[in-house]
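Engineer: First, the structure itself, so that you have it in front of you.
The values are calculated or read from the model by the stated rules, or taken from the named source; none is laboratory data. This one's a predicted model, so the numbers in the text were calculated from it and none came from an experiment. All Cβ positions, glycine included, derive from the backbone under ideal geometry; neighbour counts span all protein chains shown.
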Amino acid sequence: MISIINTCETYILKFLTLTTIIFVCLIQISCSDNNQPQNQLNETDNNHTARIAFVSDKDSNWDIWIMNPDGSELKNITENPSLDSHPSWSPDGKNIVFYSDRDGNKNIYTISTDGTNIKQLTSGSRSNHSPSWSPNGEKIAFVSNRSGENCIWIMNADGSNQYNLTKHLKSSRWPTWSNKKEGILFTSENVIYQINPETFELTTIFKLNKDLVFTGLFLGWPVWSSNGNKIALTSNFLDKQKMTPILYTLNRDGKAFKPLINSPGLGPDERPSWSPDGNSIVYSSLTNNAKKQIWIIDVNTGVSTQVTSNNSMNGFPAWEPVGKSP
C-alpha cells in the first residue's frame, strides 16, 4: 500500500514540475514578444502605411530619416556625425541600405529601421554609393569606381560576392531593380539601359535621336513603377535654357517620353520613387529659400504636395515597397 502511495506521489510531483516549467516558458515567450520593437514589421504585414526614407540635415549633418507620407512620425535612424545618404529599402521593410563616409571613404552599409544592427558591406579607398536592394532581398546593386570608371556592381545582401556588371560601359549610374525580375535599370551617357544581373544581357530602353541631343543634356534617376509599366526619371530635355531637370515618365518600351509636371519646386527634381500602388511619386526639389524639400505628386492629377518643412534640407527620398499607399 505504501509503495502505491509513494508511486502516485512521484507521478504527481513530476506532473506539477512539468506544468510549472511549461508555465514559466510561456511567460518568457510572451514577454519576449512584447519586447520586440514596434516598427519591426512582419514580412506579411502590409496593413501599415508605407513609409518614406530620406536624407536630412535636421540634426546639423546628413542622416537617414524615416517618416510617414504626410510628414509625421519623423525618426533619425543613423544619428552619425558623418555623411549618410541614398537610402534604399529591403523588400520586407525591415532594413535600409545606404552609403556613408564614416570610415573616411564612401562605403555601403545596412541598418535596421529601428536604428540597430548596422553592418558595413564594402570597404577600401574607392567610392561605393547609390545602393539599391533587389526585390527578393538577396542582392544589392551599387555604383563603384574601383575599376577606374563608375560602374554598376552587384553583391549579396551580406556584402559577399561583389562583381562588376557594366565594365564595358562608361559612367554607369543610378541602378534600380525591377519588381518583375526583368533586371536593373540604369543610365550610361544619357542612355537608359536594362541589364540582367545573371546573364549580363543588355537592353536599350530609351535613347534620344542624335538630332535631339544637345550639350548639357541630362537623363537621370530612372526607376520602375511597382507594376513595371512605367519609368519615372528626371531630365532637362524641355528646359534647355535653364537646364533644370524636372520629372518625366515613359512607358516600359521606351515610348511616350513626356514631362509629368511643371514642378512647383524650383528644381532640379531628383531621386523619384514610386508609391507601392503606383499612383504617386515622391521626389526632392528646391523651394524659394533655396533649400531642397520632399514632395509627393499624384501621377493621375499632376498635383504636387510639399511634405517636409523649409527649416532644413531634405532629399533623396525612397518609398517603402510594402504597406498601404496614402
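Engineer: When the residues of the stretch 148-189 are filtered to those that are over 16 Å from the mean Cα position of the chain (by Cα) and hydroxyl-bearing (Ser, Thr, Tyr), which remaining residue is modelled with the lowest pLDDT?
Structural biologist: The residue in question is Ser171.
Engineer: Next question. Can you pull out the residues in the stretch 267-299 that are at pLDDT 90 or above and in a loop (DSSP other than H, G, I, E, B)?
Structural biologist: Of everything in the stretch 267-299, those that are at pLDDT 90 or above and in a loop (DSSP other than H, G, I, E, B) turn out to be Asp269, Ser275, Pro276, Asp277, Gly278, Asn279, Val299.
Engineer: Condition test on Ser90, is it at positive phi and within 15 Å of the chain's Cα centre (by Cα)?
Structural biologist: Answer is no for this residue.
Engineer: Pull up the stretch 300-324, narrow it to residues that are in a loop (DSSP other than H, G, I, E, B), among the hydroxyl-bearing types (Ser, Thr, Tyr) and under 25 Å from Ser130 (Cβ atoms), then point me to the one that is nearest to the chain's Cα centre (by Cα).
Structural biologist: Thr308
Engineer: Can you tell me which of Leu217, Leu169, Leu250 is more than 27 Å from Tyr109 (Cα to Cα), among the aliphatic types (A, V, I, L, M) and without any contact (Cβ under 8 Å) to a residue 40 or more places away in the chain?
Structural biologist: Leu217
Engineer: Anything in the stretch 275-299 that is of a type in the set (D, E, K, R) and more than 18 Å from the chain's Cα centre (by Cα)? List them, or say none.
Structural biologist: Once the filter is applied, which keeps residues that are of a type in the set (D, E, K, R) and more than 18 Å from the chain's Cα centre (by Cα), the stretch 275-299 yields Lys291, Lys292, Asp298.
Engineer: While we're here: Out of the residues in the stretch 120-147 that are over 19 Å from Asp101 (Cα atoms) and without any contact (Cβ under 8 Å) to a residue 24 or more places away in the chain, state the one that is nearest to the chain's Cα centre (by Cα).
Structural biologist: Glu138
Engineer: Residues being more than 17 Å from Leu266 (Cβ to Cβ), β-branched (Val, Ile, Thr) and either in contact with an Asp or Glu (Cβ under 9 Å, 6 or more places away or on another chain) or loosely packed, with under 15 Cβ neighbours inside 10 Å (or both): count how many of those fall in the stretch 297-326.
Structural biologist: The number of residues fulfilling the criteria is 3.
Engineer: Does the stretch 80-87 contain any residue that is within 18 Å of Thr308 (Cβ to Cβ), surrounded by 21 or more Cβ atoms within 10 Å (Cβ to Cβ) and in contact with a Lys or Arg (Cβ under 6 Å, 6 or more places away or on another chain)?
Structural biologist: Within the stretch 80-87 (the criterion being within 18 Å of Thr308 (Cβ to Cβ), surrounded by 21 or more Cβ atoms within 10 Å (Cβ to Cβ) and in contact with a Lys or Arg (Cβ under 6 Å, 6 or more places away or on another chain)), the answer is no, since none of the residues qualifies.
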